1. Over the Cα atoms of the range 250-319, what radius of gyration and what Dmax do you get, in Å?
2. Less than 13 Å Cβ to Cβ from F185, Lys/Arg counted +1 and Asp/Glu -1: what total charge do the surrounding residues give?
3. Count charges around S314 for me, please; just the other residues with Cβ under 11 Å from its Cβ, Lys/Arg as +1, Asp/Glu as -1.
4. For T286, T110, T246, what ranking results if the residue with the fewest other Cβ atoms within 10 Å of its Cβ goes first?
5. Once you place label points 7 Å from the Cα toward the Cβ at D127 and K230, how far apart are they in nm?
6. At a 10 Å Cβ-Cβ cut-off, how would you order I278, I237, fewest neighbours first?
7. Taking loop as defined by DSSP and a crowding limit of 16 other beta carbons within 10 Å, which GluC sites (Glu not before Pro) in the range 105-200 fit?
8. What is the extension gain from A195 to S313, computed as 0.36 nm multiplied by their sequence separation minus the C-alpha to C-alpha distance, in nm to one decimal?
Amino acid sequence: MNKSILFYLISLCICAALFFGFYFDGKNFDDDYDVSVPAQVRYASDIPLSGPSGFGSSHAVVPAGTNLNNSLFADNTYAAILVDNESGECLVAHNPHSRIYPASMTKLVTAMVVCDEIAKGNLSLDDEITIDHKIIFNESGVMASKLDAGCKITVRNLMYGLLMKSYNDYAVILAEHISGSVENFAVLMNQKANAIGATNSHFVNPHGLHDDEHYVTAYDMYLIVNEAYKYDLIREIDSYRSFTYTYLDAAGNPVQADITPTNAFLADRVTLPSNITIKTWKTGTTHMAGRCLAMVIEIDDRDYTVMVADSVSSEDLYNNVSMMFNLTNQ
């Protein structure tokens, strides 16, 4: 082989090796919170962005590259956002447009789609659904109910279990009942997210168990939880500190289910200051997402939105959220 060609091939191989070594160096594919891979900040073409009723008049607008009070958050806080909903001012923006995994915060979108179908007359809260197969998850430690094939439960009770206790099988049951499959239901979820401006999100399931292509941003979660706050049913469910309901087992016998919120503030595992009221919320926890919490809250008669995704512990998550409560007084 000609020496010049051989030298060229060797040089090409070395360059390729250096490229791939640089590209994959330090990338742990168990952690996709690499801030060097942000979502592209964009809005749906049908959302009015200007004028007195435009997107920016009713929402905080956080441009790409914005970081506010982010020095308060350690590297193990994946993302955080705090917005004064009265003024539209963003008080905290820590990686607001970086992709994060939402875990069970996903269920807010699921709940909104269900509520929209109820409003369209396609189903009723009193509709009774018969479970025709056992919902199985190929992961350990997945939060699921004791429902099995043959059990009967109403849409209303599924919604309470979905949002309060975060039962993953309830999300699948609702999705399959409405759309025939999880995949078809995810289409409705993405349409809903796109319609409210959460266009840097992508959903592939109704529960939030991990999938690389299932993601949000902190800013999109701000939009999602604020949209969820508009739904009477979601606000009603989110106000409960305990709930008891009944379903029928496969033999037709009534089974009583007692549930409490996964939100530690409402479950009295973490003290909530007396001047704060939680209006809408959703937690989320997976190995990949860490511990997440999104809420619309009222502090001294003023509404705020807070969202944190933390990798350390539940205690660290609630410490970060409590720190953000204090920032509203500055």
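1. My reading of the Cα-based Rg and Dmax gives 15.3, 51 Å.
2. Net charge around F185: -2.
3. Cβ neighbours under 11 Å give a net charge of -1.
4. Ascending Cβ contact count within 10 Å gives the list T246, T286, T110.
5. Roughly 2.2 nm, to one decimal.
6. So the ranking, lowest neighbour count to highest, is I278, I237.
7. E139
8. Taking 0.36 nm per residue and subtracting the Cα distance, the gain is 39.1 nm.
None of the figures in this text is laboratory data; all of them are computed from the coordinates on show. This structure is a prediction, so every number in the text was calculated from the model and none was measured. Note that each Cβ is placed from the backbone with ideal geometry, even for glycine, and that neighbours are counted across all protein chains shown.
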